[in-house]
Amino acid sequence: MRKLIIFVMMLVGAVSFSKDYYTADKLIHMWDFDNERNFLMDFKSNTIAHKRGTVRWVPREYSYHNSPVIHIHGNVDPNSSFTIPARYLERELEDWTLDFEFGAGTHDLDHTVRDNGKLVPFGQILRWGDLRIVFYQDSGQQWKGLARIIYQGQTRTIEYLRGFKYYYMAIRSEKDGISVWLDSYCTDYIEIPRSSVSGYPIMFGGNGFAGRFDDIKLYNKRLRPWEITANYWGTEYSVDPKNKLSITWGEVKHNVKPRSDRGSREKDIRRWKEIGTAEKERK
């Protein structure tokens, strides 16, 4: 009986731990894609997103991730995209953070098939007003790519993005521009008078992008660095390539390991709290 009680307590503890992964304060919209029938619906506010072209819901057992995802088949239809309509984004956001998980790579329309995936040469990851993020296959690198963040004519580049790997990305408004975060680290800062995002749709995919998205979230606040870190660690599984690239979504499954090292998550959050106001934490 005692062992049963301990087991139940451990189970409850594990469940409660999974619940505190995401920052909930001032969360406006979130698509977690957990339900196939309603995967277009934002569970936070019942907002209905639009899909165009070939966008498929992928169940957890074939997503090689901690949860179901959507796959945008831009290689089948270059216009394929997932869009949050402008009518839900009409109010002015003084401060905001948009974050999501994404991975680049093609897959057969039947997600139960383990096919020979590839990277598309070019494709749009995100477009929102004056902000655009574009994926390029790295020249001469079959399974690697890069992302270009374009904002009001200024460009920053994130290199060494592996195909068939999930990344967490956050875009955060700043008083004098935007900051870009990849896997909980601030990688770039574009310093320029900020343009309004009010009334613009948020489009994921398009222009031939082929890949996957999960946990799309929009906040009407600037997430603090430790909140971004908490959201990053919300992914319960990560790809551990062990210096070996995955070359299909099916192969990712064999490189996935549980994120059971909660200490690393707590260490990351503590790191940011100890830093306090980081160099790029503009106030």
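The values are calculated or read from the model by the stated rules, or taken from the named source; none is laboratory data. Everything numeric in this text was worked out from a predicted model, so none of it was measured. When we count neighbours, we look across all protein chains shown, and the Cβ atoms used for this are built from the backbone with ideal geometry, even at glycine.
Couple of notes before you dig in:
- Top-ranked residue of the stretch 175-187 - restricted to ones that are of a type outside the set (Val, Ile, Thr) and crowded, with 20+ Cβ neighbours inside 10 Å, ranked as nearest to Val120 (Cα to Cα): Trp181
- Candidates Ala86, Ala49, filtered to the one that is surrounded by fewer than 15 Cβ atoms within 10 Å (Cβ to Cβ) and touching a residue at least 12 places away in the same chain (Cβ under 8 Å): Ala86
- If you check Trp181, Trp233 for being modelled with pLDDT of 95 or more, among the aromatic types (Phe, Trp, Tyr) and under 27 Å from Ile72 (Cβ atoms), only one passes: Trp181.
- Test: residue in the stretch 143-165 that is touching a Phe, Trp or Tyr at 6+ places or on another chain (Cβ under 7 Å), more than 20 Å from Ser80 (Cα to Cα) and outside any strand (DSSP E or B): no
- Test: Asn75 is in a loop (DSSP other than H, G, I, E, B) and surrounded by fewer than 15 Cβ atoms within 10 Å (Cβ to Cβ): no
- Condition check for Arg52: closer than 29 Å to Tyr136 by Cα, within 17 Å of the chain's Cα centre (by Cα) and of a type in the set (D, E, K, R): no
- Within the set Arg162, Arg172, the sole residue that is surrounded by 17 or more Cβ atoms within 10 Å (Cβ to Cβ) and farther than 18 Å from Asp99 by Cα turns out to be Arg162.
- Among the residues making up the stretch 190-220, those that are crowded, with 18+ Cβ neighbours inside 10 Å, within 19 Å of Gly129 (Cα to Cα) and either without any contact (Cβ under 8 Å) to a residue 12 or more places away in the chain or among the aromatic types (Phe, Trp, Tyr) (or both) are Phe204, Phe209, Tyr219.
- Residue within the stretch 81-88 that is at pLDDT below 95, part of a loop (DSSP other than H, G, I, E, B) and among the basic types (Lys, Arg) present: no
- When Ser67 is tested against (1) over 19 Å from the mean Cα position of the chain (by Cα); (2) at pLDDT below 95, exactly one condition is not met: (1).
- Taking the criterion of being touching a strand residue (DSSP E or B) at 6+ places or on another chain (Cβ under 6 Å) and without any contact (Cβ under 8 Å) to a residue 40 or more places away in the chain, the residues of the stretch 139-162 that qualify are Leu146, Ala147, Arg148, Ile150, Gln154, Thr155, Arg156, Thr157, Ile158, Glu159.
- Residue satisfying all of: in the stretch 122-138; assigned to a loop (DSSP other than H, G, I, E, B) and touching a residue at least 40 places away in the same chain (Cβ under 8 Å); farthest from Thr83 (Cα to Cα) among these: Asp130
- Subset of the stretch 108-138 [closer than 22 Å to Asp77 by Cβ, at pLDDT below 90 and either among the acidic types (Asp, Glu) or in contact with a strand residue (DSSP E or B) (Cβ under 7 Å, 6 or more places away or on another chain) (or both)]: Asp108, Leu109, Asp110, His111, Asp115
- The condition of being crowded, with 21+ Cβ neighbours inside 10 Å and within 19 Å of Gly206 (Cβ to Cβ) does not hold for Ile150.
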